[in-house]
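This report concerns only the one structure given below.
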Amino acid sequence: MPQGSHDHPAISGHGSPPVGSVFNPRDGWGGFQPESGFSGTPTKALMYTYVPKSFKKGNPVVVGVHHCAGTGPGYFREYPDWPKASEEKGFMMIFPSSPGETGACWDVSSAASLRHNGGGDSQTIVNMVKYAQTKYGASDKKVFVVGHSSGAMMTEVLAAAYPDVFVAGAEYSGVPAGCFKTNKQAGADWNSACAGGNVRESPEYWGQQAKDMYPEYKGSYPRMMLVHGKADQTINYENQVEAVKQWTYLHHLDANKPTKQYDDAQKPNYHVSEYGHDVLAISADGVTHDNPARVDLTVQFFGL
């Protein structure tokens, strides 16, 4: 979704809270609550959590990152299947709200956010994970992230800049990590060339973009699930092609040689390409930017 374009008609997300629902962050909603003890540093993002009754110390944590014009509570409402899965599987969730909780897009473009411990929104979200590990005893080995649009872009940035924190990510309608890069030191920006699908580079280029975010890192990268609608008019489908190049390269795989291809049994317009165990790419015929997360498939990919 357009960085900094908060009232763009194409970025309103996919749905308001159910009619009749009433939510006050101070009261909480089930196991959903604001984390007033979180310092909101280095940027002023707010932290919300959902801790199911089935959660036990050492259980996994999933971060759900909202789209532009969204908030943490809004994203929680949009996906009732996430708290349901959380209760069933016992993992807790973090729902960040972008700085100011005004529906702003995430910073996935500046030098601060595209660098490990660089002082941007990406570091703030990682600090939320650390906070949850300290307060709730969430696992430091089983940390996952999922997001849509701006949140999908952040999902890929987090996986690239903090591969030591996350073990897997799932992004819906995003762009390769670093595709929105600008020369700005901090703050969110829109990159028309990338959004329009006009940034087309080699796997090596995309791999280096990710590695430059944490040059000292020598370990393996998070597994990645990539889902994109072919009818997306906000973030061009070409970004799916480029993201596949990036993540297969980081996992020493060939973007042109999936190990398995098939149509999803529940939705035959979802065409699945598996690249070993580490990269799953789904192309959806007829699906626009309103590309709702398939919670069941995401949970399965995460191995929860």
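Taking region 209-218 as the range and being more than 16 Å from residue 182 (Cα to Cα) and not aromatic (Phe, Trp, Tyr) as the test, the residues that pass are 211, 215, 216, 218.
Scanning region 215-238 for residues that are farther than 19 Å from residue 255 by Cβ and part of a strand (DSSP E or B) yields a single hit, 229.
Scanning region 27-81 for residues that are polar (S, T, N, Q) and not in a loop (DSSP other than H, G, I, E, B) gives 33, 49. Within region 236-264, residues that are farther than 13 Å from residue 224 by Cα and touching a residue at least 60 places away in the same chain (Cβ under 8 Å) reach partners that are among the aromatic types (Phe, Trp, Tyr) and buried (at least 19 other Cβ atoms within 10 Å of the Cβ) with beta carbons closer than 8 Å, at six or more positions or on different chains, in the pairs 242/206.
Between 248, 259, 298, the distinction of being surrounded by fewer than 20 Cβ atoms within 10 Å (Cβ to Cβ) and either touching a helix residue (DSSP H, G or I) at 6+ places or on another chain (Cβ under 7 Å) or hydroxyl-bearing (Ser, Thr, Tyr) (or both) belongs to 259 only.
You will find that of 153, 128, the residue that is at pLDDT 95 or above and within 16 Å of residue 46 (Cα to Cα) is 128 and no other. Here residue 275 meets each of (1) in contact (Cβ under 8 Å) with a residue 40 or more places away in the chain; (2) surrounded by 19 or more Cβ atoms within 10 Å (Cβ to Cβ) with one exception, condition (1).
Just one of the listed residues (87, 78) is under 21 Å from residue 302 (Cα atoms) and touching a His at 6+ places or on another chain (Cβ under 7 Å), namely 78.
Within region 84-125, being surrounded by fewer than 22 Cβ atoms within 10 Å (Cβ to Cβ) and within 18 Å of residue 68 (Cβ to Cβ) holds for 99, 100, 101, 102, 103.
The values are calculated or read from the model by the stated rules, or taken from the named source; none is laboratory data. Quantities reported herein were computed from a predicted structural model and do not represent experimental measurements. All Cβ positions, glycine included, derive from the backbone under ideal geometry; neighbour counts span all protein chains shown.
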